[in-house]
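To start, the structure itself, in structure tokens.
The values are calculated or read from the model by the stated rules, or taken from the named source; none is laboratory data. Treat the numbers as computed from the prediction; the structure is a model and nothing was measured. So basically every Cβ, Gly included, is an ideal-geometry build from the backbone, and we count neighbours across all protein chains shown.
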Amino acid sequence: MGKRGNEEKQARPKPPPLMRGTRRQWDMATINGQDNAAQVSQGPIVDRTREHLGHSDRGVIQVRKLWQSAIERSRRGEDPPNLIRDPTQNRLVHVDVVERLVKSGELRNHVPNIVYVS
């Protein structure tokens, strides 16, 4: 019996998926492909002064106010927020991480191992 038409098509390698909203293809199975798609897909810089943000955009409004405040502090020669120059106050805290799915209640009595790294 001869080959059917779609058997030949199935033997070809599948092309990388299209980046959402474009006709460009990126290998989304790799970290580099995902990073490249995220950077390229941002598009041109938009004039945000013409936006009309609403109540549901309050998180966007807050983070922009935080960024503006940090920029203004830096322009005045002050340290930006959360910059700690004193090494005795600037400690790295390591906390346990569970890298698997756990059953309900399995970690109820778990006490995390916290390590302060100096």
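Tell me whether the range 59-77 contains one or more residues that are part of a loop (DSSP other than H, G, I, E, B), loosely packed, with under 10 Cβ neighbours inside 10 Å and at pLDDT 85 or above.
Let us first name the residues in the range 59-77 that are part of a loop (DSSP other than H, G, I, E, B), namely 76-77.
Of the ones still in play, those that are also loosely packed, with under 10 Cβ neighbours inside 10 Å are 76-77.
Checking the rest, the ones that are also at pLDDT 85 or above come to 76-77.
Yes - at least one qualifying residue is present in the range 59-77.
Six or more apart or on different chains, Cβ under 7 Å: which pairs go from a residue in the range 103-115 that's among the polar types (S, T, N, Q) to one that's at pLDDT below 80 and surrounded by 10 or more Cβ atoms within 10 Å (Cβ to Cβ)? Could you list them?
ASN113/ASP96
If ASN82 satisfies all but one of (1) over 22 Å from the mean Cα position of the chain (by Cα); (2) on the phi > 0 side of the Ramachandran plot, what's the number of the condition it fails?
(1)
Does the range 91-118 hold any residues that are of a type outside the set (Phe, Trp, Tyr) and either at positive phi or not in a loop (DSSP other than H, G, I, E, B) (or both), and which are they?
Our first condition is that a residue be of a type outside the set (Phe, Trp, Tyr); within the range 91-118, this holds for 91-115, 117-118.
LEU92, VAL93, HIS94, VAL95, GLY105, ILE114, VAL115, VAL117 - these are the residues of the range 91-118 that are of a type outside the set (Phe, Trp, Tyr) and either at positive phi or not in a loop (DSSP other than H, G, I, E, B) (or both).
For every residue, the table says whether it meets (1) surrounded by 11 or more Cβ atoms within 10 Å (Cβ to Cβ); (2) at pLDDT 75 or above; (3) not small (Gly, Ala, Ser).
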| residue | (1), (2), (3) |
| --- | --- |
| LYS9 | no, no, yes |
| LYS14 | no, no, yes |
| MET19 | yes, no, yes |
| TRP26 | yes, no, yes |
| THR30 | yes, yes, yes |
| GLY33 | yes, yes, no |
| ALA38 | yes, yes, no |
| GLN42 | no, yes, yes |
| HIS52 | no, yes, yes |
